[in-house]
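Novice: Quick one: the structure is below, questions incoming.
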Amino acid sequence: MQKNPKRVLRYLRTHRRVWGLTRLELAELFGLQSAGHISRLEHGKRTPSVGVAFACQVIFGIAASALFPDLHTRVEEKVMRNVYRLHLALSNTTNLSGLRKRELCAQILSRATGKRAKLQGA
Amino acid sequence: MSDASSKLVLALYPFTRGYAFVLFEGPNRPFDWAVKEIKEKHKNIRTLDEIKKLIGRYHPHLIVIEDLTPGRSRRTSRIRKLYRLLARLAEREAVEMYHCPKHHLTEYFGRLSKYELAKIIAIQLPGFAHRIPPLRKAWTAEDPRQALFDAAALGIAFYGLEQPRRES
């Protein structure tokens, strides 16, 4: 029987090693003091700060969402749940501001469903 | 890049001083790799422990090792025993195992020396290029880094020959 995989896939370590960088060297590039911080980021024990996420993008030329897909998925799921809740709350609204917010929610939801359909198609 | 549901393939190559592994998430897409030297008396026990941790961390879909059919392989009795233990471990952990015969490697890469094989793999996987060991002299022992390329060769041969056969 196949076990349910609960692994954390992060590509920071992969890209660091592709370019032959040590943890300490990468920490220095990020402007951090210790290599332990990089280790924790690589193993999913720490959430990267916005500064680190941008630094990764600058160094490797890859979007933070691609380097930390687990984190991106987690944030996306949480935000989508909240957007859906807001969309439901605004279902009976008639004022202009409410309608504008509903339009934004509809756009977010259609983007997400489009992305999912694209992924399933691929 | 793929999501966490992608199927990972773990290619393993034990050698005299330890073992090397390359974890692939697709053909020519290594996710993690390392050469681990084990300097203990009971190397097999420690190697198995480390491989168990690897399986626990990544949950690979399949493990690729070389085929040790008698007469086709010249590995030591310790490594043969390690492969037997590894097969049992894979069964316990419910991970499929593929024994890559040597002729698959020659079919895929051609008849090459280990150094030439490392150079070809470094072209396919540019992230490995800076780890090519120097050309081995007749009087020197094999560089541990070579094991990394041997493990990578097993994974690449699996994706190149075996996976299309399974899919068709």
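Novice: Which one is modelled with the lowest pLDDT, of the residues in region A:83-98 that are over 11 Å from A:Leu109 (Cβ atoms) and surrounded by 12 or more Cβ atoms within 10 Å (Cβ to Cβ)?
Specialist: A:Thr93
Yes or no, residue by residue, for (1) of a type outside the set (D, E, K, R); (2) touching a residue at least 12 places away in the same chain (Cβ under 8 Å); (3) more than 27 Å from A:Arg17 (Cα to Cα):
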| residue | (1), (2), (3) |
| --- | --- |
| B:Lys41 | no, no, yes |
| B:Leu48 | yes, yes, no |
| B:Arg84 | no, no, yes |
| B:Arg111 | no, no, yes |
| B:Arg136 | no, yes, no |
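Novice: For residues in region B:14-46 being among the small types (Gly, Ala, Ser) and surrounded by fewer than 17 Cβ atoms within 10 Å (Cβ to Cβ), which is nearest to B:His99 (Cα to Cα)? I'd like the intermediate steps shown before the answer.
Specialist: Our first condition is that a residue be among the small types (Gly, Ala, Ser); within region B:14-46, this holds for B:18, B:20, B:26, B:34.
From the residues that got through so far, the ones that are surrounded by fewer than 17 Cβ atoms within 10 Å (Cβ to Cβ) too are B:26, B:34.
Working: B:Gly26: 18, B:Ala34: 20 Å.
Restricting to residues being among the small types (Gly, Ala, Ser) and surrounded by fewer than 17 Cβ atoms within 10 Å (Cβ to Cβ), the top hit is B:Gly26.
Novice: For region B:118-161, which positions are over 17 Å from B:Ala20 (Cβ atoms) and either within 14 Å of chain A (Cβ to nearest Cβ) or within 15 Å of the chain's Cα centre (by Cα) (or both)?
Specialist: B:Pro126, B:Tyr159, B:Gly160
Novice: Next question. Among the listed residues B:Gly56, B:Gly71, B:Gly18, identify the single one that is of a type outside the set (Lys, Arg), over 15 Å from A:Thr14 (Cα atoms) and modelled with pLDDT under 90. Quick ask: steps written out before the conclusion?
Specialist: Details: B:Gly56 fails: modelled with pLDDT under 90; B:Gly18 fails: modelled with pLDDT under 90.
Just a single option satisfies the conditions, and that option is B:Gly71.
Novice: Based on what the data block shows, is B:Asp150 surrounded by 15 or more Cβ atoms within 10 Å (Cβ to Cβ) and free of Cβ contacts under 8 Å to residues at least 24 places away in the same chain?
Specialist: Numbers: surrounded by 15 or more Cβ atoms within 10 Å (Cβ to Cβ): yes; free of Cβ contacts under 8 Å to residues at least 24 places away in the same chain: no.
Spelling it out, it is not the case that B:Asp150 is surrounded by 15 or more Cβ atoms within 10 Å (Cβ to Cβ) and free of Cβ contacts under 8 Å to residues at least 24 places away in the same chain.
Novice: When residues of region B:49-61 are filtered for being closer than 22 Å to B:Pro101 by Cα and more than 11 Å from every other protein chain (Cβ to nearest Cβ), how many remain? First the steps, then the outcome.
Specialist: Within region B:49-61, the first condition is being closer than 22 Å to B:Pro101 by Cα, and the residues that meet it are B:51, B:60-61.
If we keep only those that are more than 11 Å from every other protein chain (Cβ to nearest Cβ) too, we end up with B:51.
Qualifying residue count, region B:49-61: 1.
Novice: Of the residues that sit in region A:43-80 and are touching a His at 6+ places or on another chain (Cβ under 9 Å) and not aliphatic (A, V, I, L, M), which one is surrounded by the most Cβ atoms within 10 Å (Cβ to Cβ)?
Specialist: In this case the residue turns out to be A:Cys56.
Novice: Checking B:Asn28 against (1) within 14 Å of chain A (Cβ to nearest Cβ); (2) at negative phi, only one condition comes out false. Which one?
Specialist: If we test B:Asn28 against (1) within 14 Å of chain A (Cβ to nearest Cβ); (2) at negative phi, just (2) comes out false.
Novice: Regarding region B:65-79, can at least one residue be identified that is in contact (Cβ under 8 Å) with a residue 12 or more places away in the chain, at positive phi, more than 11 Å from every other protein chain (Cβ to nearest Cβ) and in contact with an Asp or Glu (Cβ under 8 Å, 6 or more places away or on another chain)?
Specialist: The answer is no; no qualifying residue exists.
Novice: Return the pairs, sorted by first residue and then second, in which the second residue is assigned to a helix (DSSP H, G or I), the first residue lies in region A:75-87 and is farther than 17 Å from A:Gly98 by Cβ, the beta carbons are less than 6 Å apart, and the residues are 6+ apart or on different chains.
Specialist: Matching pairs, first to second residue: A:Met80/A:Ala112.
Novice: Could you check, for region A:35-42, whether at least one of its residues is surrounded by 13 or more Cβ atoms within 10 Å (Cβ to Cβ) and within 12 Å of chain B (Cβ to nearest Cβ)? Outline the logic, then answer.
Specialist: Pass one, region A:35-42, residues surrounded by 13 or more Cβ atoms within 10 Å (Cβ to Cβ): A:35-42.
Next cut, within 12 Å of chain B (Cβ to nearest Cβ) only: A:42.
For region A:35-42, residues surrounded by 13 or more Cβ atoms within 10 Å (Cβ to Cβ) and within 12 Å of chain B (Cβ to nearest Cβ): present.
Novice: Mind checking whether some residue in region A:47-64 is within 14 Å of chain B (Cβ to nearest Cβ), under 21 Å from A:Lys115 (Cα atoms) and assigned to a helix (DSSP H, G or I)?
Specialist: Looking for residues that are within 14 Å of chain B (Cβ to nearest Cβ), under 21 Å from A:Lys115 (Cα atoms) and assigned to a helix (DSSP H, G or I), one finds at least one in region A:47-64, hence yes.
Novice: Return a yes/no flag: does region A:17-25 have any residue that is in a helix (DSSP H, G or I) and farther than 30 Å from B:Ala34 by Cα. Give the derivation first.
Specialist: Step one: filter region A:17-25 for residues in a helix (DSSP H, G or I), giving A:17-18, A:23-25.
Now drop any that are not farther than 30 Å from B:Ala34 by Cα, which leaves none.
There is no residue in region A:17-25 that is in a helix (DSSP H, G or I) and farther than 30 Å from B:Ala34 by Cα.
Novice: Taking region B:88-125 only, how many residues are among the hydrophobic types (A, V, I, L, M, F, W, C), in a helix (DSSP H, G or I) and loosely packed, with under 14 Cβ neighbours inside 10 Å?
Specialist: Applying the first criterion (among the hydrophobic types (A, V, I, L, M, F, W, C)) to region B:88-125 yields B:89-90, B:94-95, B:97, B:100, B:105, B:109, B:112, B:117-118, B:120-123, B:125.
Remaining after also requiring in a helix (DSSP H, G or I): B:89-90, B:105, B:109, B:117-118, B:120-123.
From what is left, the residues that are loosely packed, with under 14 Cβ neighbours inside 10 Å are B:123.
Going through region B:88-125 one residue at a time, the tally reaches 1.
Novice: Going by the structure shown, is B:Arg80 out of contact with any Lys or Arg (no Cβ under 8 Å at 6 or more places or on another chain) and loosely packed, with under 15 Cβ neighbours inside 10 Å? Even if it seems obvious, please write down each step before you answer.
Specialist: On the way: out of contact with any Lys or Arg (no Cβ under 8 Å at 6 or more places or on another chain): yes; loosely packed, with under 15 Cβ neighbours inside 10 Å: yes.
Answer is yes for this residue.
The values are calculated or read from the model by the stated rules, or taken from the named source; none is laboratory data. All values reported here derive from a predicted model rather than from experimental measurement. Glycine gets a Cβ as well: all are built from the backbone with ideal geometry, and neighbour counts include every protein chain shown.
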